[in-house]
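Worksheet: one structure, shown below.
The values are calculated or read from the model by the stated rules, or taken from the named source; none is laboratory data. Values in this document were obtained by computation on a predicted structure and should not be read as measured data. Cβ placement follows ideal geometry from the backbone for every residue including glycine, while neighbour counts extend to all protein chains displayed.
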Amino acid sequence: MEKEEVLNGIYRCAKCKLCTITSFHPREELFPICPSGEYYGFQAFYAPGRLEILKGILDDDIEESDELLKIIYSCTLCGACYEKCKEITKVDLNFSEIFEEMREIAVEKGWVLDAHKDLIEKIRETHNAYGEVQSRYQRKEGDILYFVGCTSRYREKEISESMIELLDKLNVNFQILEDEWCCGSTLLRIGQVEEAKELIEHNIDEIKRSGAKTIVFTCPGCLMTFKKNYPQLNVELLHSTQFIERLNPNLRLKNLGIGVTYHDPCHLGRHLGIYEEPREILSKIANIKEMKRNREQSWCCGSGGGVRSAFEEFSSWSARERIKEARGVADTLVSACPFCKHNLNDNSDGMKVYDVVELVNRALE
Amino acid sequence: MILERLKEIVGEDYATDDDAICTSYSRDQHFHFVPKKKPAFVVRPGDREEVREILIFANENRIPIVPWSTGINVRGLTIPEFQGSILLDLSRLNKIEINEEMMTATVEPGVTFALLTQEAKKYNLRAAYPDAPLTAGVLTNNYLRGIYQTSVIDGHDHLLSFEMIIPNGEIIQTGSRALNRDLPYFRYGLGPDIAGLMSASPGTWGVVTELTLKLYKLYEKRSSYFIGFEDVEKSIDLVRKMAREELVSSCRLVDNQSWLIGMCGSFEFEYDKLPNFVVCLLIDGLDGIFQAKDKIVRELIEDSGGRLLDIPESFKDNFERETLGGTERSCMVFGIRGNYHCIGLYGPLKYVPEYYELHRKTAREVGIPEDYVYFYVNPIARFHGQLCYVELDIFYDGSDFDLAEKLKEYNKRQMKNLLDLGIYGWFRPYAGIIEPSIERAGYLTELWKRFNEVVDPKHIMNPGKLW
Ligand SMILES: Cc1cc2nc3c(=O)[nH]c(=O)nc-3n(C[C@H](O)[C@H](O)[C@H](O)COP(=O)(O)OP(=O)(O)OC[C@H]3O[C@@H](n4cnc5c(N)ncnc54)[C@H](O)[C@@H]3O)c2cc1C
Ligand code: SF4
Ligand code: SF4
């Protein structure tokens, strides 16, 4: 965005702080919504403070400091603030996008966190965010391509395994790129646009070569990156829950008889507007109960936007807050994002955490 | 050395001189009138003892202190005027105690209207609400002598007593607190009304660390009506009757374009198709009493010559909820053009047509487009002196610096015009509003300054915000 446009947007911020809580009426219960603000406390860590700091950066009126870097990079880019603001005060800026742009400016100025430098190095070497030796799948048939993504490939493997099993059970012919690289999301979210370019180009070439007509993602971060940062590929892009919903009438699912609550991943919900498909599916296989903070006003798991790699304590606190909320509602917490599952599971204190595809796979008769 | 001492008092994590953190407290939406300025330090005390130690230290070293509770005052009141200021972020002090028996709440500075509503509701009680977003501080709002226009019947004064720490570290308890801190429920205790003297001040006496305020009963029975008028005189007639008879809980006269949006809670409506002026009424009460009031109000509406408007039920729900449970949607006024400027004043209802005319005339003279110019009025119980709060609003785009210059000229002219026409007073004092009034107030301002001098001889408390 042009500097002028951003500044004009910032001038619209009334500092009302409505973006720090969920909608109060009609429930009349107070719930915070901005993880970084709640954790760090100073105004700088809430959206209105960050906007002021962005203005300072654009006006060249701010000194570099560790604290400045913490403010810039501790935002999970969850977008909860914007959902609230756009309804009421209508600051004409999409905050998760604008706070990401703030990082791009920071990177140009050389303001990069050490933790992120390590991450960049890992991706350069291994083409995945975990620095793992690349694992390969031999799946090469059909118009449908399953893009696995780094987290379900290297950390939350049950998700990719369940997805593959599920597709097999349904006799879906599908491919997995033999040489799938990180989609670039991790780098883009921390402002490393240049670093992500090679990954994107590589994946585009591979996808073109595959001839796929539909790409299915279990990772909403990858899906969002394809939609937002990749050029038009003339390929249909679907999240696993959308894909499963599409097959719905042909699916024979048994009810697992468990009580679950659903955690909306920020990328899937607020950023892509996919709220209902996961709920539709879950309601067929389990008894679903909502947490008080749900859909647009869901509390972020705390891992996104490069936060988990750089601010582990804060990221874990954020996940624990979500676990606490979920525990009051159900025994099992279900999400539809490997990265959410990763962070929630690591901080679950014994609570069961699954991805939707894991449960669907179990429920398939 | 300053930072070290602050950290010693509040702990490493709660004091900083970081440029970025200071920047985040350096500007609010009133920036055309109060320019951006960074504090040199931000400190977040965790209890009153820490507040006290900070004040003593600042006083000894003549360091300006800017108290900050939630920073939503829309008048630049927490933007420092002087280099080297300490911004005292009080949001960590957020204890709240509801006393059902006494119908009161005792709050610390970090308690917001949302938190108070949540807690009071458990006892079927509610606060008196300003139109400020419910993220704003309850203590500050009551201490600053807010205007509680959502519910006229509650009247003007909800503050019972408070505790204030002054620069030398002494602690003042006002009203009945002075004799017994456990009995903070009466405004007038020993001697003069110190709460009255020291309230409505932008942090220029000391720091209020605890405040007790009145709560009111919540009734389930409610109804609301929106009545449209083409001319302001007729609408005022209905307002007058409502206020005199004390029939309604809420009574607001607004134009059809601005605050009405927030009251209805939606941008999506053809407001411009409504009559120019809309009177919004809310009735509540115990069952039988409610029925009786509702009947009389409907009769008065019928006789008023106004048109009962067909407003969607969801709008009425929003109006009722926010009137008696705190406003979220009032901030939609910022969504109209991005910023709003207002002159808030008290005056008699019968002057309203003249205030309105003057508002439009002055705006026209300085070149502010007609469709930027709006207003709102509400009577205040009890209605002696036809007491009304009147707000002369201009909704504008904050990034339009040319228009901001016109606004400054508007302010200058309009304040003089209003003083010449006759007003009861301004909505709470601050530098921009006191200046044009000083001459008229004569020795009063001199006395005020002298009192202030006694309490804050080194002028460390938010200097520059009054004079
Ligand atoms: C859309 C909108 C509508 C509004 N409508 C109304 C309305 O109808 N009625 C109304 O009354 N207000 C209204 N306001 C104004 C404002 O939000 C409130 O008055 C609010 O209560 C200010 O409180 P705060 O906690 O944000 O104070 P702050 O901004 O933190 O502080 C305000 C002033 O009080 C001083 N201060 C802060 N804490 C203390 C303390 N503990 N001790 C001593 N001094 C202190 C500060 O230094 C500053 O000078 C409105 C605001 C908005 C945005
Ligand atoms: S809701 Fe919007 S206008 Fe209000 S403080 Fe947040 S970003 Fe600013
Ligand atoms: S995007 Fe999320 S973490 Fe960042 S400021 Fe907004 S609510 Fe807070």
**OP:** Check A:Phe42 against each of (1) modelled with pLDDT of 95 or more; (2) within 16 Å of ligand 1 (Cβ to nearest atom); (3) within 30 Å of B:Phe267 (Cβ to Cβ) and name the one condition it does not meet.
**Re:** (3)
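Please specify each residue of region B:418-444 satisfying the condition of being among the hydrophobic types (A, V, I, L, M, F, W, C) and under 22 Å from B:Thr78 (Cα atoms). Before the answer, list the steps.
Kept after step one, since they are among the hydrophobic types (A, V, I, L, M, F, W, C), are these residues of region B:418-444: B:418-419, B:421, B:423, B:426-427, B:431, B:433-434, B:438, B:441, B:444.
The answer is B:Trp426, B:Phe427, B:Ala431, B:Ile433, B:Ile434.
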Subject >> Hits in region A:8-18 (condition: outside any loop (DSSP other than H, G, I, E, B) and at the interface with chain B (Cβ under 7 Å from one of its Cβ atoms)) >> reply: A:Asn8, A:Tyr11, A:Leu18
Subject >> In region B:294-340, residue farthest from the other protein chains (Cβ to nearest Cβ) [restricted to those that are assigned to a helix (DSSP H, G or I) and free of Cβ contacts under 8 Å to residues at least 24 places away in the same chain] >> reply: B:Asp303
Subject >> Residues that are closer than 21 Å to B:Glu328 by Cβ, out of contact with any Phe, Trp or Tyr (no Cβ under 9 Å at 6 or more places or on another chain) and not polar (S, T, N, Q), drawn from region B:69-98 >> reply: B:Ile72, B:Ile96
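Working only within region A:219-274, note down all residues that are assigned to a helix (DSSP H, G or I) and of a type in the set (S, T, N, Q). Outline the logic, then answer.
Going through region A:219-274, the residues assigned to a helix (DSSP H, G or I) turn out to be A:220-229, A:240-250, A:267-271.
Selection gives A:Thr225, A:Asn229, A:Ser240, A:Thr241, A:Gln242, A:Asn248, A:Asn250.
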**OP:** Output the qualifying pairs, or none if there are none: Cβ atoms under 7 angstrom, residues six or more apart or on different chains, first residue in region B:437-465 and within 23 Å of B:Pro35 (Cβ to Cβ) and outside the structural domain of B:Met164 (by TED's automatic domain parsing), second residue outside any helix (DSSP H, G or I) and among the β-branched types (Val, Ile, Thr).
**Re:** B:Ile460/B:Ile63; B:Ile460/B:Ile65; B:Met461/B:Ile65; B:Met461/B:Thr204; B:Asn462/B:Ile65; B:Asn462/B:Val66; B:Asn462/B:Thr204; B:Lys465/B:Thr204
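With respect to A:Gly49, is the statement that it is small (Gly, Ala, Ser), part of a helix (DSSP H, G or I) and more than 15 Å from ligand 3 (Cβ to nearest atom) true? Give the derivation first.
Working: small (Gly, Ala, Ser): yes; part of a helix (DSSP H, G or I): yes; more than 15 Å from ligand 3 (Cβ to nearest atom): no.
Considered against the rule, which asks whether it is small (Gly, Ala, Ser), part of a helix (DSSP H, G or I) and more than 15 Å from ligand 3 (Cβ to nearest atom), A:Gly49 comes out as no.
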Original post:
Is it true that some residue in region A:19-32 is more than 15 Å from ligand 1 (Cβ to nearest atom), at the interface with chain B (Cβ under 9 Å from one of its Cβ atoms), in a helix (DSSP H, G or I) and farther than 22 Å from B:Phe334 by Cα?
Top reply: no
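Among B:Ala120, B:Ala127, which is within 13 Å of chain A (Cβ to nearest Cβ), over 23 Å from B:Trp68 (Cα atoms) and hydrophobic (A, V, I, L, M, F, W, C)?
Numbers: B:Ala127 fails: over 23 Å from B:Trp68 (Cα atoms).
Being within 13 Å of chain A (Cβ to nearest Cβ), over 23 Å from B:Trp68 (Cα atoms) and hydrophobic (A, V, I, L, M, F, W, C) holds for just one of B:Ala120, B:Ala127, which is B:Ala120.
Just for region A:82-122: of the residues that are within 12 Å of another protein chain (Cβ to nearest Cβ) and closer than 14 Å to A:Arg50 by Cβ, which one is farthest from ligand 3 (Cβ to nearest atom)?
Ranking the candidates gives A:Ala106 first.
Would you point out the residue of region A:33-59, among those that are of a type in the set (Gly, Ala, Ser) and facing chain B (nearest Cβ under 9 Å), that is surrounded by the most Cβ atoms within 10 Å (Cβ to Cβ)? Before the answer, list the steps.
Step one: list which residues in region A:33-59 are of a type in the set (Gly, Ala, Ser), which gives A:36-37, A:41, A:44, A:47, A:49, A:56.
Add one more test, that the residue is facing chain B (nearest Cβ under 9 Å), and what stays is A:41, A:44, A:49, A:56.
Working: A:Gly41: 16, A:Ala44: 28, A:Gly49: 26, A:Gly56: 22.
Once the filter is applied, the top-ranked residue is A:Ala44.
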Subject >> The one condition in (1) more than 16 Å from ligand 2 (Cβ to nearest atom); (2) under 15 Å from B:Ser24 (Cα atoms); (3) within 14 Å of chain A (Cβ to nearest Cβ) that B:Ser85 fails to fulfil >> reply: (3)
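Conditions (1) away from ligand 3 (no atom under 16 Å from the Cβ); (2) within 12 Å of chain A (Cβ to nearest Cβ), marked per residue:
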position: B:Ile21; (1), (2): no, yes
position: B:Ala40; (1), (2): yes, no
position: B:Glu49; (1), (2): yes, no
position: B:Phe57; (1), (2): yes, no
position: B:Glu60; (1), (2): yes, no
position: B:Ile63; (1), (2): yes, no
position: B:Ser69; (1), (2): yes, yes
position: B:Asn94; (1), (2): yes, yes
position: B:Phe113; (1), (2): yes, yes
Original post:
How do the strands (runs of 3 or more DSSP E) wholly within region B:87-168 filter down when requiring 2 or more residues that are within 12 Å of ligand 1 (Cβ to nearest atom) and either buried (at least 24 other Cβ atoms within 10 Å of the Cβ) or not aliphatic (A, V, I, L, M) (or both): which remain?
Top reply: B:159-165
